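The next block holds one structure in the form of structure tokens; read it before the comments.
The values are calculated or read from the model by the stated rules, or taken from the named source; none is laboratory data. Quick caveat: nothing in here was measured; it's all calculated off a predicted structure. As a convention, Cβ positions derive from the backbone with ideal geometry for all residues, glycine included, and neighbour counts pool all protein chains shown. Keep in mind that these areas ignore ligands, DNA and RNA; they rest on the heavy atoms of the full protein, side chains included. Shrake-Rupley method; radii C 1.70, N 1.55, O 1.52, S 1.80 Å.
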4 protein chains.
Amino acid sequence: MAEEKWKTAITDIGPGKINVRGYQIADIMENLSYAEAVYLILKGERPTPAEAALMNAILVSSIDHGASPPSVLGTRTVMSGGNSLNAAIAGGVLVIGDTHGGAIEQSARILQDWVKKREENESWDETAGKLVNWLNEQNKRMPGLGHRLHKVDPRTGKLFEIAARHGYSGRHIELVKALEKAFEKKSGKPLPINVDGAIAAVISDMGFDWRLGKGFFIISRVPGLLAHAYEEMTREKPMRPLGPPPSEYDGPGERKL
Amino acid sequence: MAEEKWKTAITDIGPGKINVRGYQIADIMENLSYAEAVYLILKGERPTPAEAALMNAILVSSIDHGASPPSVLGTRTVMSGGNSLNAAIAGGVLVIGDTHGGAIEQSARILQDWVKKREENESWDETAGKLVNWLNEQNKRMPGLGHRLHKVDPRTGKLFEIAARHGYSGRHIELVKALEKAFEKKSGKPLPINVDGAIAAVISDMGFDWRLGKGFFIISRVPGLLAHAYEEMTREKPMRPLGPPPSEYDGPGERKL
Amino acid sequence: MAEEKWKTAITDIGPGKINVRGYQIADIMENLSYAEAVYLILKGERPTPAEAALMNAILVSSIDHGASPPSVLGTRTVMSGGNSLNAAIAGGVLVIGDTHGGAIEQSARILQDWVKKREENESWDETAGKLVNWLNEQNKRMPGLGHRLHKVDPRTGKLFEIAARHGYSGRHIELVKALEKAFEKKSGKPLPINVDGAIAAVISDMGFDWRLGKGFFIISRVPGLLAHAYEEMTREKPMRPLGPPPSEYDGPGERKL
Amino acid sequence: MAEEKWKTAITDIGPGKINVRGYQIADIMENLSYAEAVYLILKGERPTPAEAALMNAILVSSIDHGASPPSVLGTRTVMSGGNSLNAAIAGGVLVIGDTHGGAIEQSARILQDWVKKREENESWDETAGKLVNWLNEQNKRMPGLGHRLHKVDPRTGKLFEIAARHGYSGRHIELVKALEKAFEKKSGKPLPINVDGAIAAVISDMGFDWRLGKGFFIISRVPGLLAHAYEEMTREKPMRPLGPPPSEYDGPGERKL
């Protein structure tokens, strides 16, 4: 049975009243950018100008990555099956799991853990060194470093450039940069911070819980999924061969019951 | 079997290259607001300053509406069942159908149809009058006018105010305003334009296909759904009684096979 | 606000009591096959022996169709993205739309319409002829006839064989068979009833509403989707290249903001 | 990029050929019940008569549980928002997570672990005693025992009765029964095996991987979700107040930007 009343601290609703985190919706429409409104609704308070610029850059950075990500395949497959726009977007969002879009969350979790574990007077290089050792012991890859396609991720550089310009650099950005150096020193090969690692460090410095990590990626990517859904709807025939390729059956041969 | 190559005109991807509609991602991160980037990815071109302000206001306007909308119930129910953030958001997006969030699409469709049907030298009041008659003949309500809760929707006024300030008023805004007048004249009671009707008119004047209507609502609402998912995750126990209320069984009484 | 109490005629619940359509769950577990239980819960009454055999054959017939259907792509893509079993199955079910799995519903709708329209003393060949003309006028293909892969669908023959053995042939089966003949007579080429058309005719003769059509396909296919999800989980690496193929970008070339 | 060919051992497809695990589909339609076909597609081999009876009883047992489960709320909310049948069922399946329907998986995992850990010549009571201690040390509840509503679950008794009648009792059934005794002995209060615990034990004795646990619940429940979707579609108005109840806002009071 449903409780008497739900409690919520997000939005206060009444006749003629829609107050998000205490601010009137018309006041937000007038005075905040959408990226600032996203920060406000998730954090409860409005961002500083530095945070506003970074949140805007984060949301822009992951808006689309062409036709290859599996979430695009999810969205286009649902659309191609003869379904509605919202089902197609839900189908793409469903694909965004631990191995696709999950790196922000996983990277932020580790960064937040190790910033807490860091001892007084420890240098960031020392903390990064300990973290590299811990990853090796766990036989674990560090999420948020390295990329299949981009040797240098154009999004990472721009995000850190915007942060630097605003003098915005907290402990998680320090740690992830020390970590990049530590990996290169150890293996002799660069393992550059990718966009997920950069976003993870920035949202951690903003004070967001790592459990929200996938959420920033989802918000950012939904317009991309919508663009693909619409392109599928308007440029392609329903049920065109989206794949998979002809499969090779390797189970038991024909037999009788 | 999958085709040789998919075609897409959205984003061009290569090593170190992510170009959305021809613009480098770092250039967009630097120079566009997220609302402008949303416009760009969906339209293919960047918005004018008026369109940028309006797109920002549209995305802010529908970011959340408290705990009562059914999409929030969808998101919280999935989260409460012990699922991941992306599944919870997908669960909310799935609820956004013809009767919840569908009014933008339906309203934009009718406005776009009647702007096309309008004869030369016809006044907007005449077109609106014909449209009211057509709706009556079809025994159809006009989507985008009237609201269960808000007699005056604070979002509508603000959206039209921003449009007016920028001198932005196209044929669909003219038509929806004439329609509001025509309904009041006919029935003597006000039937004010709600936020869905206002958004429908503005995106139609921007040149967006009505079939994208639900998409703007989905993009705008996803951060709200994320805030509710996170509030459920952090403030509530799993499987709390979300409803429905105790049900009354009115089927056949007990019997034997 | 939620209503005081929901009404439902499906299942009556109380301490120690789970009565489905009036029958105790333990009584159903003991005395009905699962296919009969599916019939019972959807129809409200238990099937005759002929209907039980046919419902069983229907549910078996569509349990899987290899790796090629788009719903399998949906399920495997969600699983490969690092998600839970239920999200993967939901992802596959989402794909089952008007152009994939929708033929049962569409075919049943037309058959039910034309059985109602049929005039007294009209032969089935006459009704079928009128229906073929109507389809031509509408420039419409008849759903449930023809198949991309199977010239003769082994499932159709078996379903009608089981029906014949039980002396089960109602008006919708008569009509779809007359329709198959009418098409061949008209074009000189066979356009055989496929499994969707056969199921549509049988469930229509059982008295099911055509709006339930997709539902039978979904129930039947869920175990297949589960088998594919599990095969993906246990035989494949996460985020293996599921497609799409490398895409060809055909949008605007690089430009500056 | 998609691989050259996918591999699958589930179903072999060709013109006129649909062989599930090596058996022709028409042969399965003729000779197997749907519950046997479900076993076949998931296990790769057909069940014994005891296993067939048990699989049938399992699938029947969880077909519906009235209007109160959150998955029903998910399905009805999606349907009520003005969406398609498949989206409504996907919405319900999405809710079936770790805290709703997850007990089969969790219970089977523990039972399978402890059957493996059991030492030679150890009695089931000894193993159960060790498991109870381990649960206490972990401060963990045993999933699959106890129920909010049913003191005695009619489905558990019937499932074990069918197993006993067929002389079917393996190590996991032994362990869960010893566990029920151990809990009662320890606390003096009964903590009866519920339907999830009973299903977990039976599928474990059948040799199914615990990771398939949620899958059996999903297959079983989909017809129930369909019945609720159809009841919502045909008996209720769109967007009826499904909940939540009026919420109490407890965030910040009104303020200015």
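Just one of (1) open to solvent by less than 60 Å² (accessible area, probe 1.4 Å); (2) over 29 Å from C:Glu30 (Cα atoms) trips up D:Ile193, so point out which.
(2)
Yes/no matrix, rows are residues, columns are (1) more than 19 Å from B:Leu73 (Cα to Cα); (2) over 22 Å from the mean Cα position of the chain (by Cα); (3) polar (S, T, N, Q):
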site: D:Gly91; (1), (2), (3): no, no, no
site: D:Val95; (1), (2), (3): no, no, no
site: D:Thr99; (1), (2), (3): no, no, yes
site: D:Ser107; (1), (2), (3): yes, no, yes
site: D:Leu111; (1), (2), (3): yes, no, no
site: D:Pro143; (1), (2), (3): yes, no, no
site: D:Lys151; (1), (2), (3): yes, no, no
site: D:Pro154; (1), (2), (3): yes, no, no
site: D:Ala163; (1), (2), (3): yes, no, no
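Matching residues to (1) over 24 Å from B:Asn83 (Cα atoms); (2) surrounded by fewer than 24 Cβ atoms within 10 Å (Cβ to Cβ); (3) β-branched (Val, Ile, Thr):
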| site | (1), (2), (3) |
| --- | --- |
| A:Pro15 | yes, yes, no |
| A:Asn31 | yes, yes, no |
| A:Glu45 | yes, yes, no |
| A:Ala50 | yes, yes, no |
| A:Thr75 | no, no, yes |
| A:Ala87 | no, no, no |
| A:Gly92 | no, no, no |
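If we scan the range C:224-245, do we find a residue that is within 13 Å of C:Ser62 (Cα to Cα) and within 11 Å of the chain's Cα centre (by Cα)?
Taking the range C:224-245 and keeping what is within 13 Å of C:Ser62 (Cα to Cα), we get C:224-225.
Narrowing further to those that are within 11 Å of the chain's Cα centre (by Cα): none.
Within the range C:224-245, none of the residues are within 13 Å of C:Ser62 (Cα to Cα) and within 11 Å of the chain's Cα centre (by Cα).
Taking the stated definitions as given, is D:Gly101 open to solvent by less than 20 Å² (accessible area, probe 1.4 Å), at pLDDT below 95 and in contact with a Lys or Arg (Cβ under 7 Å, 6 or more places away or on another chain)?
For D:Gly101, the condition - open to solvent by less than 20 Å² (accessible area, probe 1.4 Å), at pLDDT below 95 and in contact with a Lys or Arg (Cβ under 7 Å, 6 or more places away or on another chain) - is met.
Can you name the helices (runs of 4 or more DSSP H) wholly within the range D:70-160 that have at least 3 residues being within 14 Å of chain B (Cβ to nearest Cβ)? Steps first, please.
Values: elements: D:70-80, D:85-95, D:103-117, D:124-138.
Counting at least 3 such residues, we get D:70-80, D:85-95, D:103-117.
Can you spot a residue in the range A:34-44 that is at negative phi, out of contact with any helix residue (DSSP H, G or I) (no Cβ under 8 Å at 6 or more places or on another chain) and of a type in the set (D, E, K, R)?
Taking the range A:34-44 as the starting set, the residues that turn out to be at negative phi are A:34-43.
Still in the list and also out of contact with any helix residue (DSSP H, G or I) (no Cβ under 8 Å at 6 or more places or on another chain): A:43.
Still in the list and also of a type in the set (D, E, K, R): A:43.
Looking through the range A:34-44, at least one residue is at negative phi, out of contact with any helix residue (DSSP H, G or I) (no Cβ under 8 Å at 6 or more places or on another chain) and of a type in the set (D, E, K, R).
Only one of these conditions is not met by B:Gly197: (1) modelled with pLDDT of 95 or more; (2) under 30 Å from B:Ser84 (Cα atoms). Which number is it?
Evaluating B:Gly197 over (1) modelled with pLDDT of 95 or more; (2) under 30 Å from B:Ser84 (Cα atoms) leaves (2) as the failure.
Taking only the range A:175-189 into account, find how many residues are assigned to a loop (DSSP other than H, G, I, E, B) and either open to solvent by less than 90 Å² (accessible area, probe 1.4 Å) or among the polar types (S, T, N, Q) (or both).
Matching residues across the range A:175-189 total 1.
Would you confirm, using the coordinates I've provided, whether D:Pro70 is under 23 Å from D:Val195 (Cα atoms) and either in contact (Cβ under 8 Å) with a residue 40 or more places away in the chain or surrounded by fewer than 23 Cβ atoms within 10 Å (Cβ to Cβ) (or both)?
Numbers: under 23 Å from D:Val195 (Cα atoms): yes; either in contact (Cβ under 8 Å) with a residue 40 or more places away in the chain or surrounded by fewer than 23 Cβ atoms within 10 Å (Cβ to Cβ) (or both): no.
Against the criterion (under 23 Å from D:Val195 (Cα atoms) and either in contact (Cβ under 8 Å) with a residue 40 or more places away in the chain or surrounded by fewer than 23 Cβ atoms within 10 Å (Cβ to Cβ) (or both)), D:Pro70 does not qualify.
I'd like to verify a number: residues in the range A:161-174 that are open to solvent by less than 10 Å² (accessible area, probe 1.4 Å) and small (Gly, Ala, Ser), how many?
Within the range A:161-174, residues that are open to solvent by less than 10 Å² (accessible area, probe 1.4 Å) and small (Gly, Ala, Ser) number 1.
Which of the following residues is away from chain B (no Cβ under 14 Å), basic (Lys, Arg) and part of a helix (DSSP H, G or I): C:Arg240, C:Arg211? Outline the logic, then answer.
On the way: C:Arg240 fails: part of a helix (DSSP H, G or I).
One residue alone meets the criteria, C:Arg211.
Does A:Ala227 satisfy being of a type in the set (A, V, I, L, M, F, W, C) and farther than 30 Å from B:Arg235 by Cα? Write out each step before concluding.
Working: of a type in the set (A, V, I, L, M, F, W, C): yes; farther than 30 Å from B:Arg235 by Cα: yes.
Judged against the criteria, A:Ala227 is a match.
Output the residue which, of all residues in the range D:114-137 that are open to solvent by 70 Å² or more (accessible area, probe 1.4 Å) and of a type in the set (Asp, Glu), is nearest to D:Thr75 (Cα to Cα).
Filtering the range D:114-137 for residues open to solvent by 70 Å² or more (accessible area, probe 1.4 Å) gives D:116-121, D:125-126, D:130, D:133, D:136-137.
Cutting the leftovers down to of a type in the set (Asp, Glu) gives us D:119-120, D:125-126, D:137.
Values: D:Glu119: 46, D:Glu120: 48, D:Asp125: 42, D:Glu126: 44, D:Glu137: 39 Å.
Step by step, filter the range D:114-137, then rank; the result is D:Glu137.
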